[in-house]
Amino acid sequence: MASRANLLVLLGCGPLCAAALLCTQMISPSAAQGVAPQAPASVAAAPSPAAGSNFPVASDARLAGDARQTRFILDLDKPIQFRAFALADPYRVIVDLPQVSFMLPAGIGTTGRGLVKAFRYGLVMPGGSRIVFDLTGPAKIAKSYVLEAANGQPPRLVIEFEEIDRTTFVQSLPPENRPELRPAIAEANAATPDAAAAAKPAAPPDKRPVVVIDPGHGGVDNGTQAGGADIMEKNLVLTFGLALRDRIEKSGKYRVVMTRTDDTFIPLADRVKIARSEAAALFVSIHADALPRGEGDAQGATIYTLSDKATDSEAQRLADAENKSDAIGGVNLTDEPTEVADILIDLVQRETKTFSNRFARVLMGEMKNTVRMHKHPLKSAGFRVLKAPDVPSVLVELGYVSNKGDLEHLVSENWRNRTVGSMAQAIDTFLAKRLATNGPGK
């Protein structure tokens, strides 16, 4: 009987020992040190998730990007909650998850890419898993989110890393996790011929969200015209865009970038590139429409978001007319394998489309209180100027210059001031909510 009891004890110990070995291999003591002090001493012996359990399953993972920006993507079978944070010396990022069944390809994570040297994963406590990223240097978590399943693609956890300097990295950490900065500063001074000049602090980076205002047309492209061609769309929307810039800048919360501030022709591709190069939080293109002679009358403001299929024939007509001005440049993903590029485009566009539609609804809610809106105020079409895959974008048609009432509004300073106020309020409402959810710079 005693021998039989001992045998049962040994058999029962098997899964616990296996789990302990898994955690020891996947999550090193140095990675876990200081990030889960509340965990009991027996955490390493937590059992592995059993086959057929209801735990979320991670089926694949990949890295993409370069030494400036790197993205990690984890394929899941269901959405999950998570917490991500950085630690210094050594540089690493920790992602805490609920208990996950990691069914990833063998050897994944042993080699890195861009800012990630390697990553490890495993169970750290009953009900809790963790991924540890070893970084090549200081980097911040630029974005972190979970995408719902859509278009045949599974739910995905996405972590985006962005290169920063050590001082910025350390200052971004909670005070209790900040290492001493002085050794790094001393080394930098010693390596600089003029130590006094090197010690002069650099101007802090402007971390305010960027709003890009895009007055349509310009230069040789007049846009729509009215009043015997005396009133041109390019001038109306430039005046409006500059007024909107001034109103937004008054709050001091945001940095505004204009695609043009004078009568200059800017190709559609360059307008998109401006938004992307500035890592804009929002892109707002300003236009005024006109119905061709003999096609009836229409009035009111309309807000457009990007779609492969126009919501109606009028939206398609407008998109076709706007897109004829030039052709947009594609997104440069030549360094990525085709399958990775497809995933990256899908990931970013799904998130961007969601935020674009959300802002369009907020904008309509504000504008309808001060501006006459079109009978169908929210539409979508394939506007090339809205095709920045990673910047929430809308195109606002302020009204129809072909309609007498709208034209009177478009040239009215009083109407412009009221409309600018409603749009500025919508921008503030939308970005304030995103900041509260994601934090600065996200």
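The values are calculated or read from the model by the stated rules, or taken from the named source; none is laboratory data. Keep in mind it's a predicted model, so treat the numbers as computed, not measured. Methodologically, a virtual Cβ is constructed for each residue, glycine included, from the backbone with ideal geometry; neighbour enumeration extends over all protein chains shown. Note: accessible area is taken over every heavy atom of the protein model, side chains too, but ligands, DNA and RNA are not part of it. Shrake-Rupley method; radii C 1.70, N 1.55, O 1.52, S 1.80 Å.
Points to keep in mind about this one:
- Of all positions in the range 236-251, none carries a residue that is over 21 Å from residue 367 (Cα atoms) and not hydroxyl-bearing (Ser, Thr, Tyr).
- The residues of the range 98-119 that are touching a residue at least 40 places away in the same chain (Cβ under 8 Å) and either over 19 Å from residue 70 (Cα atoms) or touching a Ser or Thr at 6+ places or on another chain (Cβ under 7 Å) (or both), listed by number, are 98, 99, 100, 101, 102, 103, 104, 105, 113, 114, 115, 116.
- Within the range 83-123, the set of residues being within 17 Å of residue 164 (Cα to Cα) and not in a strand (DSSP E or B) comprises 88, 89, 90, 91, 114, 115.
- Filtering the range 360-370 to residues that are open to solvent by 20 Å² or more (accessible area, probe 1.4 Å) and not polar (S, T, N, Q) leaves 361, 362, 364, 365, 366, 368.
- Criterion: within 12 Å of residue 159 (Cβ to Cβ) and either of a type in the set (Lys, Arg) or surrounded by fewer than 19 Cβ atoms within 10 Å (Cβ to Cβ) (or both) - qualifying residue of 85, 119: 85
- Residue 62 being farther than 22 Å from residue 164 by Cβ and touching a helix residue (DSSP H, G or I) at 6+ places or on another chain (Cβ under 8 Å): yes
- When residue 268 is tested against (1) touching a helix residue (DSSP H, G or I) at 6+ places or on another chain (Cβ under 6 Å); (2) under 23 Å from residue 355 (Cα atoms); (3) at pLDDT 90 or above; (4) hydrophobic (A, V, I, L, M, F, W, C), exactly one condition is not met: (3).
- The residues of the range 371-410 that are closer than 21 Å to residue 236 by Cα, open to solvent by 50 Å² or more (accessible area, probe 1.4 Å) and in contact with a Phe, Trp or Tyr (Cβ under 9 Å, 6 or more places away or on another chain), listed by number, are 408, 409.
- Apart from one condition, residue 126 fits all of (1) over 18 Å from residue 84 (Cα atoms); (2) open to solvent by 40 Å² or more (accessible area, probe 1.4 Å); (3) in contact (Cβ under 8 Å) with a residue 24 or more places away in the chain; (4) within 24 Å of the chain's Cα centre (by Cα); the exception is (4).
- Near pairs, Cβ below 7 angstrom, 6+ apart or cross-chain, from the range 296-314 (open to solvent by 10 Å² or more (accessible area, probe 1.4 Å)) to any residue that is at pLDDT below 75 and in a helix (DSSP H, G or I): 310/316; 310/319
- Selection within the range 386-409 - closer than 30 Å to residue 354 by Cα and either among the hydroxyl-bearing types (Ser, Thr, Tyr) or assigned to a helix (DSSP H, G or I) (or both): 386, 393, 400
- For the range 145-176, the candidate set comprises residues that are open to solvent by less than 40 Å² (accessible area, probe 1.4 Å) and hydroxyl-bearing (Ser, Thr, Tyr); within that set, the residue that is modelled with the lowest pLDDT is 168.
- Whichever residue in the range 235-288 is of a type in the set (Ser, Thr, Tyr) and more than 20 Å from the chain's Cα centre (by Cα) and, among such residues, is nearest to residue 425 (Cα to Cα): 251
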